[in-house]
1. So which of Ser101, Ser141, Ser156 is over 16 Å from Leu40 (Cα atoms) and among the small types (Gly, Ala, Ser)?
2. Could you run through the stretch 8-39 and say how many residues are surrounded by 14 or more Cβ atoms within 10 Å (Cβ to Cβ), farther than 24 Å from Cys132 by Cβ and of a type outside the set (Lys, Arg)?
3. Filter the stretch 148-165 down to residues that are in contact (Cβ under 8 Å) with a residue 24 or more places away in the chain and assigned to a helix (DSSP H, G or I) and give me whichever is nearest to Asp111 (Cα to Cα).
4. Which one of Leu77, Leu68 is out of contact with any strand residue (DSSP E or B) (no Cβ under 9 Å at 6 or more places or on another chain), without any contact (Cβ under 8 Å) to a residue 24 or more places away in the chain and over 28 Å from Lys150 (Cβ atoms)?
5. Of everything in the stretch 19-51, what is hydroxyl-bearing (Ser, Thr, Tyr) and farther than 19 Å from Pro151 by Cα? Give them in sequence order.
6. Do we have Gln71 as at pLDDT 95 or above and either out of contact with any helix residue (DSSP H, G or I) (no Cβ under 7 Å at 6 or more places or on another chain) or of a type in the set (Ser, Thr, Tyr) (or both) here?
7. Please find, within the stretch 96-116, the residue that is farthest from Asn34 (Cα to Cα) out of those that are in a helix (DSSP H, G or I) and of a type in the set (D, E, K, R).
8. Do you know which of the residues in the stretch 1-56 that are of a type in the set (Val, Ile, Thr) and under 10 Å from the mean Cα position of the chain (by Cα) is nearest to Asn123 (Cα to Cα)?
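The values are calculated or read from the model by the stated rules, or taken from the named source; none is laboratory data. These numbers were taken from a predicted model, which means no experiment stands behind them. For neighbour counting, all protein chains shown are included, and Cβ atoms are generated from backbone atoms with ideal geometry for every residue, glycine included.
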Amino acid sequence: MFELTNSYDLVYNWLKLIDEKHQIKTLAFIVMPNHVHVLLHLPISITNLNTIISNAKRFMAYAIIQRLAIQKNYNLLSQLSDACSEKEKAKGQKHKAFETSFDAKPVYTIDFLHQKIDYIHANPVSKKWNLCVEFTDYEHSSAGFYLLEKPHQFVSIADYRDYWY
């Protein structure tokens, strides 16, 4: 739905917010048309990543729903409403824009870090997506920062090498 609602800016704003509010640094990222991968450096003071992610999903979901309403995309709004469980509806949730869970993996080794960065950056050129020819050309990614030494227009990327070497 990021592509459908042109909501890439919501992810950029969230990354800026968590940096300013919690000093959570973005080491690598990619915003795909329907999902996001981020590699974050959390300060020791952050003990509950679940809260950070759930707040992000809630913030972005409201904005995406608003954009769908402005677009008058009633069919998709209806589908997102139908996706809510009875328990979620009882709590007042009207739409389900994101999956309930997320996959977080702690990074303890430089090899694992490189594996994740390579995976993140290769997403837009994978056979499934094929969004560009060179992965450094994909604008919603940190690949250009690392491989072309080009700052991202909207995201302040913290170079992982400053934390690992």
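1. On the way: Ser141 fails: over 16 Å from Leu40 (Cα atoms); Ser156 fails: over 16 Å from Leu40 (Cα atoms).
Step by step, each of Ser101, Ser141, Ser156 is checked, and only Ser101 is over 16 Å from Leu40 (Cα atoms) and among the small types (Gly, Ala, Ser).
2. 5
3. Trp164
4. Answer to the check: Leu77.
5. Initial filter on the stretch 19-51 (hydroxyl-bearing (Ser, Thr, Tyr)): 26, 45, 47, 51.
Residues satisfying the conditions are Ser45, Thr47, Thr51.
6. Judged against the criteria, Gln71 is a match.
7. Result: Asp111.
8. Ile30
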